[in-house]
Amino acid sequence: MSSIKVECVVNENCKIGESPVWEEKESSLIYVDISGKKICRWNSFTKQVQSVSVDAPVSSVALRKSGDYVVTLGTRFAALKWKDQSVTTIVHVDKDKPNNRFNDGKVDPAGRFFAGTMAEEIRPAVLERHQGALYTLFPDHSVVKHFDQVDISNGLDWSLDHKTFFYIDSLSFSVDAFDYDLQTGKISNRRSMYKLEKEESIPDGMCIDTEGKLWVACYDGGRVIRLDPATGKRIQTVKLPVDKTTSCCFGGKDYSEMYVTSACQGMDDESFSRQPQAGGIFKITGLGVKGIPPHSFAG
Ligand SMILES: O=C(O)[C@H](O)[C@@H](O)[C@H](O)[C@H](O)CO
Ligand SMILES: [Zn+2]
């Protein structure tokens with residue numbers, strides 16, 4: 001049996017840490033602080049964090065084949081040049097919804113950038129409902145809307161055979177599956193794969209491992225859970241020392257470590273003093289399972 005260890009590697013209080021992505025070339029973890037309006041890069045060798053501040057909530061970051069990054073910023077897909085600290089808009093969505101912002105995003109195995117929107121929160125998980133939608137940014141910079149009526153568009157990933165797309169609309173308390181057509185990027189046949197239990201609270205970000213099992217960060221649940229899409233059952237729970245765990249990815253050497261982001265926004269003084277690491281970045285080792293490298297945006 002491997003022994004699982006959870007360690008806080010970045011003891012800084014992100015307001016809403018999110019979108020962890022391992023960047024092999026830099027041996028670094030990139031992530032965002034959504035309401036802190038910055039994109040961060042933690043170097044696993046130097047343990048230093050660099051960041052780029054932006055002028056709007058930045059909800060996800062992804063690698064780009066041509067180098068650098070793409071981000072979702074406010075209701076825009078944008079390109080980020082790290083060295084220049086410059087952001088250029090690629091395309092604007094939800095133009096008729098000034099109160100919306102993007103939330104979680106991820107690149108599919110063919111290099112398309114998927115990301116969804118939501119209304120801005122009044123406080124955590126409290127917002128005008130059904131305002132969000134799920135979008136894809138194609139490598140030619142065209143955009144497709146898959147569906148709307150989303151509450152909080154959140155975690156997403158693809159099965160190892162690329163035939164299934166997994167998706168979370170947080171306030172449905174469900175991890176959903178769709179058939180996925182890798183050739184076209186189309187999704188169909190939505191169904192619920194797993195319904196969260198009460199103490200698991202709100203499903204947030206997620207990632208897949210090399211055994212095809214899904215890891216879901218539970219917001220206000222202080223844990224990541226491992227789900228088997230074949231049976232719809234939870235097969236493992238790993239607890240963290242903070243409640244507001246927001247997302248997870250594999251990284252490190254051979255993708256054998258898991259990185260978990262967290263949030264502190266919306267916590268009162270009392271709970272913050274009980275969880276001073278809220279908003280930190282955590283590393284989990286000893287899981288005995290690996291992840292897969294992130295895909296890069298092909299446009
Ligand atoms: O991390 C995110 O994806 C959202 O932007 C957060 O705001 C939380 O998920 C939400 O508050 C929980 O429902
Ligand atoms: Zn999220």
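The values are calculated or read from the model by the stated rules, or taken from the named source; none is laboratory data. Note that the coordinates shown come from a computational prediction; the quantities given were computed from them, not determined experimentally. Ideal geometry is used to build each Cβ from the backbone, glycine not excepted, and the neighbour counts take in all protein chains shown. Calculation scope for accessible area: heavy atoms of the full protein, side chains included, ligands and nucleic acids excluded. Shrake-Rupley method; radii C 1.70, N 1.55, O 1.52, S 1.80 Å.
Between THR237, GLY288, VAL54, whose Cα lies farthest towards the positive end of the dipole of the chain when Lys and Arg beta carbons carry +1 and Asp and Glu beta carbons carry -1, centred on the Cα centre?
GLY288
Based on Cβ point charges of +1 for Lys and Arg and -1 for Asp and Glu, what charge dipole magnitude is obtained for the chain about its Cα centre, in debye rounded to the nearest 20?
Using only the charged Cβ atoms, the result is roughly 380 debye.
Considering only DSSP states other than H, G, I, E and B, which trypsin sites (Lys or Arg not before Pro) in region 20-89 qualify as loop sites with at most 14 other Cβ atoms within 10 Å?
LYS47, LYS65, LYS83
State the percentage of accessible surface on the chain attributable to carbon and sulfur atoms; use a 1.4 Å probe and exclude ligands, DNA and RNA.
47
Hey, which lysines would be in cross-link range of LYS145, C-alpha to C-alpha under 19 Å, not counting anything within fewer than 8 residues on its own chain?
Straight-distance partners of LYS145: LYS95, LYS97, LYS106, LYS186.
List the aspartates and glutamates whose alpha-carbon lies under 16 Å from that of LYS163, not counting same-chain residues fewer than 8 positions away?
ASP108, ASP176, ASP179, ASP181, ASP209, GLU211, ASP228
Post the alpha-carbon centroid distance, region 36-63 to region 256-279, in whole angstrom.
17
Under a 5 Å amide H to amide H cut-off, with H placed in plane at 1.01 Å, what residues pair with ILE202 once short-range neighbours are removed?
TYR219, GLY221
Let me have the 222 nm mean residue ellipticity of the chain computed from DSSP H runs of 4+ only, each contributing -39500 (n - 2.57), with the sum over all residues rounded to the nearest 500.
-500 deg cm²/dmol
In the chain, if the dipole is taken from +1 on Lys/Arg beta carbons and -1 on Asp/Glu beta carbons about the Cα centre, which of MET267, ILE168, GLN131 is farthest to the positive end?
Result: ILE168, furthest along the dipole toward the positive end.
Give the residue list of chymotrypsin sites (Phe, Trp or Tyr not before Pro) in region 39-136 that are DSSP loop and have at most 16 other beta-carbon atoms within 10 angstrom.
PHE45, TRP82
Please give the per residue accessible area of region 233-275, computed with a probe of 1.4 Å over protein heavy atoms only, in Å².
46
For the chain, what does the alpha-carbon gyration tensor say about shape, rounded, prolate or oblate, given a ≥ b ≥ c as the root eigenvalues, a/c under 1.5 as rounded, and a/b over b/c as prolate?
rounded
Could you go through region 251-268 in sequence order and give the Karplus-derived ³J(HN,Hα) for each residue, using 6.51 cos²θ - 1.76 cosθ + 1.60 with θ = phi - 60°, rounded to whole Hz, and x for Gly and Pro?
x, x, 4, 6, 6, 9, 10, 10, 10, 10, 8, 8, 10, 10, 4, x, 8, 7
Given Cβ point charges of +1 (Lys, Arg) and -1 (Asp, Glu) and nothing else, what value in debye, to the nearest 20, does the dipole of region 218-299 about its Cα centre take?
Rounded to the nearest 20 debye, it is 380 debye.
For region 21-141, what is the accessible area per residue in Å² when the probe is 1.4 Å?
Counting only protein heavy atoms, the per-residue value for region 21-141 is 42 Å².
What GluC sites (Glu not before Pro) does region 154-236 have in DSSP loop regions with at most 13 other beta carbons within 10 Å?
Here the sparse-neighbourhood loop sites are GLU197, GLU211.
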